[in-house]
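In what follows, a single structure is set out as structure tokens and then discussed.
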Amino acid sequence: MSIKEITERLRYASMQNFTRVFKQMTGVPPGKYRSDWRQSGG
């Protein structure tokens, strides 16, 4: 599922809003979180 699809499913007004909130909660933007997770074998 793409980050855009996740944004829409969670009913955020925009991808920028989702990215801002995600980064505040995790410390990294969604794309970085996903790539780090994949590299760790997730």
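Nothing in this text is a laboratory measurement; each read-out follows from the coordinates by a stated rule. Note that this is a predicted model, so its numbers are computed, not measured. All Cβ positions, even for glycine, are placed from backbone atoms using ideal geometry, and neighbour counts span all protein chains on display.
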Worksheet entry | Peptides 35-42, 8-15 ordered by average Cβ neighbours within 10 Å, highest first | 8-15, 35-42
Worksheet item: Dipole size in debye (nearest 20) for the chain around its Cα centre, Lys and Arg Cβ +1, Asp and Glu Cβ -1?
Response: 60 debye
Practice prompt. Rounded to whole Hz and in sequence order, give me ³J(HN,Hα) for region 6-19 from the Karplus expression 6.51 cos²θ - 1.76 cosθ + 1.60, θ = phi - 60°, writing x for Gly and Pro.
Written response: 4, 4, 5, 4, 7, 6, 6, 5, 7, 5, 4, 5, 4, 4
Worksheet item: Rounded to the nearest 500, what is the chain's calculated 222 nm mean residue ellipticity when only DSSP H runs of at least 4 contribute -39500 (n - 2.57) each, over all residues?
Response: -20000 deg cm²/dmol
Worksheet entry | Estimated inter-spin distance, R38 and A13, nm [label 7 Å along Cα→Cβ] | 3.1 nm
Worksheet entry | For q = 0.13, 0.34 Å⁻¹, Debye-computed log10 I/I(0) when each Cα of the chain counts as one equal scatterer | -0.27, -1.13
